Amino acid sequence: MIPLRSAILRPGSQEAFLCSKCLGTSRTQPSSLRRFWSSSNRRTGIAENQASLLLQKTYFSGNRLYDNTGLKGGFISSFASLSSDQPAHPYTSQPTNKPPQTSATSADSTETSRSEPIATKNAPEELPHRRRRRLREEAGRENGQAEPVIPLDASAQLSNFSSSQPTTSLKRKLAAYFALTKPRLSFLILLTTTSAYGMYPISSLLALDPAMTPLPTLSTSTLTFIYLTTGTFLSCCSANTLNMMFEPKYDALMSRTRNRPLVRGLVSRRGALLFAIATAATGLSLLYVGTNPTVAGLSAANIFLYAFVYTPLKRIHVVNTWVGAVVGLIPPLMGWVAAQGQTATTGHDTWRDMLFSEESIGGWLLGAILFAWQFPHFNALSHLIRDEYKAAGYRMLCWVNPAQNARVALRYSILMFPISIGLWWVNVVGHGFLVGSTVANGWLVREAYGFWKHQGAQGTARGLFWASIWQLPILLVGGLVTKKGLWDGVWRNIFGQPEEDEDEYVYYDEEEESVLKAEKQAHSTSSRAGTLSTT
């Protein structure tokens, strides 16, 4: 079946189709062919002899396929000189009113519908993802809205769900308040905190000497873990709510944040403030009681930095990105200190010992991973919506200094290598972590190099963004799987404890030690006497 452009039959009309079967019938019945062209010639002004030259079956057989602009070959170009109107694109052409069909045209349309599979078979199929994208773009143009550069976040999706519920519905209020917490960001913070808690090594000194402070049992460690996760999540809820509460009028200017609950009026400012205070008080209390005061202090400092330093600084100076990176550094340190507090010996339970002792190096290295990760992740994300950041008045490197924005992303991506090696060097993870982290970091550096080379063009910004999304879980989960001594314990549990030499650990009490000293003195005295007698 051959798709004929609307300019052939009538300027501005819909597409029509003519198959080779109909053409063969028309050639055997000249009266049908004349009726077909008599109506079209009056509208287009095409001579009958010119039409007969074009309607040849051999021409149609060699030109069945068509591309996005028309028939392949010279079919449309042949009529371009005969028609004054240019054919419109099939996706943008406007429909026109069709004239009433006669019995002859009804027969032609019936025959055309029967031969539609021929055109479907010969025409190139539109891929499903391209069709969905085209339909979204057409719907956006009809509604006067552009397609968002990045997908909607969880807060926007929850806000849409909340607004679709009845005004007095409990689901509406719960979804709106849950949207204040930025669920995906809170889950990421929980992942970093719990990963650091799980990677903390158990001291071999405590394991060998039962007389020292006993190791935490399964019940106590599970309870501490529950306190840590619940308290950390509630603290994140408070910080994120305060962040939204301070800038609703600026959030309304960006497609990424215009669906937040405070912008849409789903939650009042007073309700958001009470929610932030309640979650902060509950979360910090759980951390103080269930873990240790140092963890609670770190969480309180993070709320203050994120809500009262980072949020207003975004409209003042580009250093806000570095402050936000410090906010990302603290949660892994919280998880490490929570685990360290369980196994702390006497005299090593102050905040200085928790944060600045030799045992805290692993926590700082895990925090350094999160600090460095912020830059390739956020710099790529901000590049995609840099015009919106500029219009909203946020001072971000993506539009203040795009070249530096790309350099910073590449620089901190490369920094991932020595930090990952440092975790292995201090015996936090095993050799397998070096392999996994090298692959993940190499992928991130490759995408960051393309982002720097092309300045975010040619899809490199989106590629770096998604690489950062996957690279961080690979490092954290890989660190848990390759934790130092983890598989040694599994091996011992399967095949039993190895036999230790009796002479490796020898213990004496005071009485035995005094008897041994007396025997040594008597032996030395007798040896001296024997020596004198011989001389």
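Where a number appears in this text, it was derived from the coordinates with a stated rule and is not lab data. Please read these numbers as outputs of a predicted model, since none were measured by experiment. Neighbour counts are summed over all protein chains in view; Cβ atoms, including those assigned to glycine, are modelled from backbone coordinates with ideal geometry.
Working from Cα pairs under 8 Å separated by at least six residues, relative contact order for the stretch 357-485 is 31 percent.
Each listed q (0.11, 0.18, 0.21, 0.23 Å⁻¹) maps to a log10 I(q)/I(0) for the stretch 282-364, found by the Debye formula over equal Cα scatterers with no solvent: -0.33, -0.76, -0.93, -1.03.
Simple spin-label estimate for THR168 and TRP487 gives 6.2 nm between the two label positions (7 Å along the Cα-to-Cβ direction from each Cα).
When only alpha carbons of the stretch 414-481 are considered, Rg and Dmax amount to 13.0, 41 Å.
A Förster distance of 41 Å, applied to the separation of the beta-carbon atoms of PHE308 and THR222, puts the FRET efficiency at 0.75.
Fewest-first ordering of THR167, THR230, THR294 by other beta carbons within 10 Å of each residue's beta carbon gives THR167, THR230, THR294.
The ranking of PHE225, PHE417 by Cβ neighbour count inside 10 Å, starting from the fewest, reads PHE417, PHE225.
If we count other beta carbons within 10 Å of each Cβ, what is the order of THR282, THR350, THR193, fewest first? Mind dumping the intermediate values first?
On the way: THR282 16, THR350 13, THR193 27.
By the 10 Å Cβ count, ascending: THR350, THR282, THR193.
Kindly give Rg over Rh for the stretch 154-344, based on alpha-carbon atoms, with the Kirkwood expression for the hydrodynamic radius. Let's see the in-between values first.
Working: Rg = 18.8 Å, Rh = 17.8 Å.
Ratio of gyration radius to Kirkwood radius for the stretch 154-344: 1.06.
Taking 7 Å steps out from each Cα toward its Cβ at GLU126 and ALA278 produces label points 4.9 nm apart.
Hull volume per residue, based on the alpha-carbon atoms of the stretch 312-459 and their convex hull, is 114 Å³. With each label modelled as a point 7 angstrom along the Cα→C-beta vector, the ARG184-VAL319 pair spans 3.1 nm.
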